[in-house]
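Take a look at the structure set out below.
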């Protein structure tokens, strides 16, 4: 199963590029972020012509996530569950940032983590950190239930200085602040695997390049799009990479796809656990 994540920065503006990429790369599952449209405006017809069904959580002009699949899928969760840890209870999230589906026994989520800038806006940065706490709590529950899963999307986090072209200049940005990175480490340290880093340990591999100041042409980017795998999914990891090709196309998104390939699940029950022999 080939799974890719891509912040398309408006599915309507980027539809010709999206269909071109899907036709060429042919992922089994594509996780999209910043689709920036509501359900009735999503290009279902064009995508179905390429063999994809789609599920989405939309929001007019902002945010929005989707899952495209060539395989049957079932929606499990629209929106990130509310956290119950002390101090994290809050009103339901009104921003479209999380969609979780099940495909062939694998839970797959498309997520768009809050940016958190400007950090001087205490409410925005607090929202980012609280959202990450909620994600940690949800991932811990999936792990406790031994459900294999992939959490993919735009995390708006550079995990280390190796993931940003100018560590000193970005030190105080919400994407690189110590508090942001600490919460990302907390998520990974639950037992998750960063699919790309499991395959490619070289520094300064990026998935985002700002439109301004020739960042793309000088390869001054950030690695903020990630696929995090549960232990059961990580055991099936065959390959992972960053497909830079779409970033070089005309009218490109400022992000480019990140992908991984998983081997088929071992024989057993729905979640790949070995079948118990009959007594």
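The values are calculated or read from the model by the stated rules, or taken from the named source; none is laboratory data. In this text the structure is predicted, and so the values were computed from the model without any measurement. Please note: Cβ atoms are built from the backbone with ideal geometry, for glycine as well, and neighbour counts cover all protein chains shown.
Which residues, taken from the stretch 25-47, are part of a helix (DSSP H, G or I), in contact (Cβ under 8 Å) with a residue 24 or more places away in the chain and surrounded by fewer than 20 Cβ atoms within 10 Å (Cβ to Cβ)? If you could, list the steps in order and put the result at the bottom.
Let us first name the residues in the stretch 25-47 that are part of a helix (DSSP H, G or I), namely 25, 39-41, 44-47.
Then keep just the ones that are in contact (Cβ under 8 Å) with a residue 24 or more places away in the chain; that gives 25, 41, 46-47.
Scanning the stretch 25-47 gives 25, 41, 46.
Go through the stretch 15-29 and give me each residue that's within 22 Å of residue 101 (Cβ to Cβ) and more than 16 Å from the chain's Cα centre (by Cα). Working first, answer last.
Let us first name the residues in the stretch 15-29 that are within 22 Å of residue 101 (Cβ to Cβ), namely 15, 18-19, 21-22, 25-29.
Answer for the stretch 15-29, where residues must be within 22 Å of residue 101 (Cβ to Cβ) and more than 16 Å from the chain's Cα centre (by Cα): 15, 18, 19, 21, 22, 25, 26.
Pick from 174, 130: which is touching a residue at least 24 places away in the same chain (Cβ under 8 Å), within 17 Å of residue 98 (Cβ to Cβ) and out of contact with any strand residue (DSSP E or B) (no Cβ under 9 Å at 6 or more places or on another chain)?
Numbers: 174 fails: within 17 Å of residue 98 (Cβ to Cβ).
Sole residue among the options that is touching a residue at least 24 places away in the same chain (Cβ under 8 Å), within 17 Å of residue 98 (Cβ to Cβ) and out of contact with any strand residue (DSSP E or B) (no Cβ under 9 Å at 6 or more places or on another chain): 130.
Taking the condition at pLDDT below 95, assigned to a loop (DSSP other than H, G, I, E, B), over 16 Å from residue 148 (Cα atoms) and over 20 Å from the mean Cα position of the chain (by Cα), does residue 265 pass?
Details: at pLDDT below 95: yes; assigned to a loop (DSSP other than H, G, I, E, B): yes; over 16 Å from residue 148 (Cα atoms): no; over 20 Å from the mean Cα position of the chain (by Cα): yes.
Spelling it out, it is not the case that residue 265 is at pLDDT below 95, assigned to a loop (DSSP other than H, G, I, E, B), over 16 Å from residue 148 (Cα atoms) and over 20 Å from the mean Cα position of the chain (by Cα).
It is to be established whether one or more residues within the stretch 79-89 are within 23 Å of residue 257 (Cα to Cα) and either free of Cβ contacts under 8 Å to residues at least 60 places away in the same chain or touching a helix residue (DSSP H, G or I) at 6+ places or on another chain (Cβ under 7 Å) (or both). Step through it out loud before you land on a result.
Taking the stretch 79-89 as the starting set, the residues that turn out to be within 23 Å of residue 257 (Cα to Cα) are 79-80.
Within this subset, residues satisfying the condition of being either free of Cβ contacts under 8 Å to residues at least 60 places away in the same chain or touching a helix residue (DSSP H, G or I) at 6+ places or on another chain (Cβ under 7 Å) (or both) are 79-80.
Among the residues of the stretch 79-89, at least one is within 23 Å of residue 257 (Cα to Cα) and either free of Cβ contacts under 8 Å to residues at least 60 places away in the same chain or touching a helix residue (DSSP H, G or I) at 6+ places or on another chain (Cβ under 7 Å) (or both), which makes the answer yes.
Return the residue satisfying two criteria in turn: it lies in the stretch 56-72 and is farther than 15 Å from residue 112 by Cα and in contact (Cβ under 8 Å) with a residue 40 or more places away in the chain, and of such residues it is nearest to the chain's Cα centre (by Cα).
Step by step, filter the stretch 56-72, then rank; the result is 68.
Mind telling me which of the residues 129, 175, 142 ends up being modelled with pLDDT of 95 or more and either part of a strand (DSSP E or B) or in contact with a helix residue (DSSP H, G or I) (Cβ under 8 Å, 6 or more places away or on another chain) (or both)?
Of the residues listed, the single one that is modelled with pLDDT of 95 or more and either part of a strand (DSSP E or B) or in contact with a helix residue (DSSP H, G or I) (Cβ under 8 Å, 6 or more places away or on another chain) (or both) is 129.
The rows are residues; the columns are (1) assigned to a helix (DSSP H, G or I); (2) at pLDDT below 95; (3) in contact with a helix residue (DSSP H, G or I) (Cβ under 8 Å, 6 or more places away or on another chain).
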residue	(1), (2), (3)
152	no, no, no
162	yes, no, no
166	no, no, no
169	no, no, no
179	yes, no, yes
186	yes, no, yes
191	no, no, yes
205	no, no, yes
213	yes, yes, no
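Please state which of the following conditions residue 212 fails to meet, knowing it meets all the rest: (1) farther than 27 Å from residue 149 by Cα; (2) surrounded by 18 or more Cβ atoms within 10 Å (Cβ to Cβ); (3) without any contact (Cβ under 8 Å) to a residue 60 or more places away in the chain; (4) out of contact with any strand residue (DSSP E or B) (no Cβ under 6 Å at 6 or more places or on another chain).
Result: residue 212 passes all but (2).
Test residue 252 against the stated conditions and say whether it is under 22 Å from residue 34 (Cβ atoms), in a loop (DSSP other than H, G, I, E, B) and either at pLDDT 95 or above or touching a strand residue (DSSP E or B) at 6+ places or on another chain (Cβ under 9 Å) (or both).
Working: under 22 Å from residue 34 (Cβ atoms): yes; in a loop (DSSP other than H, G, I, E, B): yes; either at pLDDT 95 or above or touching a strand residue (DSSP E or B) at 6+ places or on another chain (Cβ under 9 Å) (or both): yes.
Answer is yes for this residue.
Would you point out which residue out of 94, 77 is outside any helix (DSSP H, G or I), surrounded by fewer than 16 Cβ atoms within 10 Å (Cβ to Cβ) and more than 18 Å from the chain's Cα centre (by Cα)? Show your work before the answer.
Values: 77 fails: more than 18 Å from the chain's Cα centre (by Cα).
Just a single option satisfies the conditions, and that option is 94.
Those residues that are buried (at least 20 other Cβ atoms within 10 Å of the Cβ), under 22 Å from residue 136 (Cβ atoms) and touching a helix residue (DSSP H, G or I) at 6+ places or on another chain (Cβ under 7 Å), I need them from the stretch 227-241; list them, please.
227, 228, 229, 230
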